[in-house]
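Below: one structure, written as structure tokens.
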């Protein structure tokens, strides 16, 4: 069932590995992408030092989702959560 509403569907981090992420990025300007990566790196530091959880809003092939979790690593194209779960940066809408 597709999420056609604007409100994201909450998922658990264990569910993310079964989601399908389209190759097409969510449209962001270069400045928006730079800011997002800055906040992702900050979230990684907080997660590794203080085990702080953040809310990540992202989009898979079915719609908008959100997860509350710790970011363990940030790469050029993906973020890594606990248990090696990966979310492509180009599919992340926001982090809070």
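The values are calculated or read from the model by the stated rules, or taken from the named source; none is laboratory data. The structure presented is a predicted model; accordingly, all values stated were derived computationally and were not measured. A quick note on method: Cβ atoms are made from the backbone with ideal geometry, for glycine too, and the neighbour counts reach across all protein chains shown.
Here is how the numbers come out for the structure above:
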{"quantity": "Entirely in region 4-87, the strands (runs of 3 or more DSSP E) that have 1 or more residues that are at negative phi, surrounded by fewer than 14 Cβ atoms within 10 Å (Cβ to Cβ) and in contact with a helix residue (DSSP H, G or I) (Cβ under 9 Å, 6 or more places away or on another chain)", "calculated": "64-69"}
{"quantity": "Some residue of region 40-48 being farther than 14 Å from residue 95 by Cβ, under 15 Å from the mean Cα position of the chain (by Cα) and modelled with pLDDT of 95 or more", "calculated": "no"}
